[in-house]
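Step one of this worksheet: look at the structure below.
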Amino acid sequence: MKPVLDIIASIPSFSGLSSEQLKAVRDIVIEKEFGRGELIFSDGDDAKGFYVVSEGQVKIYKMSFDGKEQILHIFGPGEPFGEVPVFSGKSFPANAQAISKSLVLFFPRKDFVELITENPSMALNMLAVLSMRLRQFTVQIENLSLKEVPGRLATYLVWLADEQGTKTSVTLTISKGQLASLLGTIPETLSRIFAKMAGDNLIDVSGRCINLIDREGLENLAEYGKQTDI
């Protein structure tokens with residue numbers, strides 16, 4: 001397991017801190033383990049602190065009145081979550097659940113605010129991270145509201161290829177059921193779209209490994225909702 005201090009040092013919010021400052025952050029951290037499917041916090045819980053994934057994966061999601069789950073984010077090692085309500089002094093606006101057996105680092109609000117007061121640069125770093133998170137969320141809302149499901153999937157595959165640094169292939173890090181929820185659809189519809197994309201020679205699917213045969217076609221589908229050279 002990666003040392004906690006190394007995990008903290010790799011978090012963008014803490015970049016540029018001295019070794020002494022990093023140790024001060026480490027001193028307030030509480031390590032917590034969660035089993036697969038275990039809730040970390042629920043919608044409406046008091047935000048007594050925020051979290052960083054150390055090992056495993058965590059999903060942030062909302063439930064509709066009819067019981068439908070909408071995944072908002074999925075976070076992996078080194079990524080923080082639950083920060084905004086901590087600073088606003090409000091409750092968590094969504095649920096957080098471990099997708100797999102996970103180890104997370106908990107940063108108590110009171111102790112962390114004291115650290116920020118002593119280290120203003122830390123607050124600026126966190127503001128930059130939150131601004132990036134807001135931009136990503138805005139893009140997600142745009143995709144869900146303005147694009148059909150094939151366009152959402154194409155957008156996700158192109159983004160994931162860039163994120164994984166492969167350009168022409170991706171490995172899904174979540175189940176297709178979770179991906180369907182993230183894209184605002186159902187597994188059956190997602191399976192049909194995967195099959196249609198494969199039939200159109202845009203992708204080749206082998207389990208969780210997906211080759212992007214026609215990346216340009218996927219980019220057009222992501223932007224225009226269809227394959228075009230406009």
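Computed quantities for the displayed model
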| quantity | calculated |
| --- | --- |
| Matching option when the condition is farther than 25 Å from residue 100 by Cβ and hydrophobic (A, V, I, L, M, F, W, C), among 39, 22 | 22 |
| Scan of the range 88-97 for residues that are in contact with a strand residue (DSSP E or B) (Cβ under 9 Å, 6 or more places away or on another chain) and more than 10 Å from residue 45 (Cα to Cα), ordered by number | 96, 97 |
| Cβ-Cβ under 7 Å pairs, at least 6 apart or on other chains, the range 2-14 side of a type in the set (Phe, Trp, Tyr), far side open to solvent by 10 Å² or more (accessible area, probe 1.4 Å) | 14/22; 14/125 |
| Checklist (1) of a type in the set (S, T, N, Q); (2) in contact with a Leu (Cβ under 6 Å, 6 or more places away or on another chain); (3) touching a residue at least 60 places away in the same chain (Cβ under 8 Å) applied to residue 54, failing item | (3) |
| Residue that is nearest to residue 29 (Cα to Cα) [pool: residues in the range 55-75 that are modelled with pLDDT of 90 or more and not β-branched (Val, Ile, Thr)] | 55 |
| Test result for residue 87, crowded, with 20+ Cβ neighbours inside 10 Å, out of contact with any His (no Cβ under 7 Å at 6 or more places or on another chain) and under 27 Å from residue 15 (Cβ atoms) | no |
| Selection from the range 3-19 of residues that are farther than 21 Å from residue 96 by Cβ and in contact with a Lys or Arg (Cβ under 8 Å, 6 or more places away or on another chain) | 5 |
| Looking only at the range 11-34, and only at residues there that are hydroxyl-bearing (Ser, Thr, Tyr) and surrounded by fewer than 13 Cβ atoms within 10 Å (Cβ to Cβ), the one that is modelled with the lowest pLDDT | 18 |
| Count - residues of the range 36-54 that are at pLDDT below 95, over 24 Å from residue 3 (Cα atoms) and of a type in the set (A, V, I, L, M) | 1 |
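Every residue, every condition in (1) over 30 Å from residue 183 (Cβ atoms); (2) open to solvent by 20 Å² or more (accessible area, probe 1.4 Å); (3) not acidic (Asp, Glu), yes or no:
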{"residue": "48", "(1), (2), (3)": "yes, yes, yes"}
{"residue": "57", "(1), (2), (3)": "no, yes, yes"}
{"residue": "74", "(1), (2), (3)": "no, yes, yes"}
{"residue": "83", "(1), (2), (3)": "no, no, no"}
{"residue": "96", "(1), (2), (3)": "no, no, yes"}
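The values are calculated or read from the model by the stated rules, or taken from the named source; none is laboratory data. For clarity, every value in this text was computed on a predicted model and none was experimentally measured. Heads up, the Cβs are rebuilt from the backbone with ideal geometry, glycines too, and the neighbour counts pull from every protein chain shown. In case anyone asks, the SASA skips ligands and DNA or RNA and just uses the protein heavy atoms, side chains included. Shrake-Rupley method; radii C 1.70, N 1.55, O 1.52, S 1.80 Å.
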